[in-house]
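Chemist: One structure coming up, written as structure tokens, with questions to follow.
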Amino acid sequence: MTDIVLSLRDASFGYGDTPVVTGVTLTVAAGDVLAVLGANGSGKSTIVKGILGLADQFGGEVSVFGQPREAFHDHPRLGYVPQRHTLSSTVRSTVREVVATGRLSRRPWWSRTTAADRRAVDRAIDLVGLTDRARVDTADLSGGQQRRVLIARALAGDPDVLLMDEPTAGVDAVNQHVLADVLRRLVAEGLTIVVVTHELAAFEDLVTRVVVVDSGHITFDGDRDTFERTAHSVLHDHNHHHHDDDHDPDDHGTVPVTVEVSRPATAVPGVRHG
Ligand code: ADP
């Protein structure tokens, strides 16, 4: 048994015929809590999608739990929390229904929900603190609560690795703290985390490693202490990854939790914002 959970060697990912990130070499070991930092549009989400097979791969190798990704079929072991807008508000479903979809890949499509499925869904909802909202329509939740629904959906699959894309954007300080506590408990149980974020501080003491992505390349990979000592030199530009739509009217009192990377945005030509 290897304790290497994810391994990328000279990997390139993008969309259609356009590579967005190239030459990505990265290893994630069991128990790592890896923060992926970088300016908006630098390719952070694309790396995560590439690992999951949701972006096109142009070269290099990706292996998951020691197996080439193409040969890897134990998908529930990888939990994915996409950016918030993936939670559609056109289809109305309750918190419990959305979280229960996190169990689907665990069983054949024709089989019924088991007691174990129901327990896993209840536990995941409880972990993110939404038990009293379980029967509420997700469209009626605040943005921060919707993000917790997406996290619970990923946790319901009982993953070994949780890949999260900006889980704290638009989440107020109190709920960021709640989320960090949830993740801390899961890490203690052995969960490995890869989190795309621009709010390193929101993860408190959890993050053990940092990768910085700049214009489609990894420009820093090291432990958190080294990153914090050298942050200014590794982040050559200080674009604040800031989605315009991350301001949630329901999440009052959002405290901008900043690290050195979070400087006011300066526009980079050709870079998508949001
Ligand atoms: P980040 O997560 O660092 O903000 P992304 O990985 O989302 O960056 O985006 C990197 C680049 O890839 C951007 O130029 C963006 O326009 C492009 N991109 C992202 N998603 C898609 C997509 N689905 N199709 C085509 N281009 C995309």
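Chemist: So how do 116-129, 30-43 stack up, highest first, on mean other-Cβ count within 10 Å?
Modeler: 30-43, 116-129
Chemist: Just the C-alpha atoms of the range 73-202: what Rg/Rh do they give, with Rh taken as the Kirkwood radius?
Modeler: A ratio of 0.94.
Chemist: Now a separate question. Step through the residues of the range 210-221 one at a time and calculate ³J(HN,Hα) from phi using the Karplus curve (6.51 cos²θ - 1.76 cosθ + 1.60, θ = phi - 60°), rounding each to whole Hz and writing x for Gly and Pro.
Modeler: Working through the residues one at a time gives 10, 10, 10, 10, 9, 6, x, 10, 7, 10, 8, 8 Hz.
Chemist: Provide the gained length on full extension for the span Arg123 to Asp10, in nm with one decimal, where the gain is 0.36 nm per separating residue minus the Cα-Cα distance.
Modeler: 36.8 nm
Chemist: How high is the relative contact order of the range 118-188, in percent, counting Cα pairs under 8 Å that sit 6 or more residues apart?
Modeler: About 37 percent, as a whole number.
Chemist: Carbon and sulfur: what percent of the range 97-194's accessible surface (1.4 Å probe)?
Modeler: 51 percent
Chemist: Could you list which residues have their amide H under 5 Å from that of His198, counting only those 5 or more apart in sequence or on another chain, with H placed in the peptide plane?
Modeler: none
Chemist: A follow-up question, please. Across the range 128-177, what fraction of all alpha-carbon pairs, as a whole percent, falls in each successive 5 Å bin from zero upward?
Modeler: Over the range 128-177, the share of Cα pairs per 5 Å bin runs 5, 19, 31, 24, 17, 4, 0 percent.
Chemist: Using 7 Å Cα-to-Cβ label points, what is the Thr25/Ala115 separation (nm, one decimal)?
Modeler: A separation of 5.2 nm, rounded to one decimal place.
Chemist: Ratio of Rg to Rh for the range 144-206, alpha carbon only, Kirkwood?
Modeler: Reported Rg/Rh (Cα atoms, Kirkwood Rh): 0.91.
Chemist: Among 163-173, 56-66, what's the highest-first ranking by average C-beta atoms within 10 angstrom per residue?
Modeler: Working: 163-173: 23.2, 56-66: 17.4.
Put in order of decreasing packing, that is 163-173, 56-66.
The values are calculated or read from the model by the stated rules, or taken from the named source; none is laboratory data. These figures come from a predicted structure and were not determined experimentally. Here the Cβ is made from the backbone with ideal geometry for all residues, glycine too, and neighbour counts use every protein chain on show. Ligands, DNA and RNA are excluded from the accessible area calculation, which covers all protein heavy atoms including side chains. Shrake-Rupley method; radii C 1.70, N 1.55, O 1.52, S 1.80 Å.
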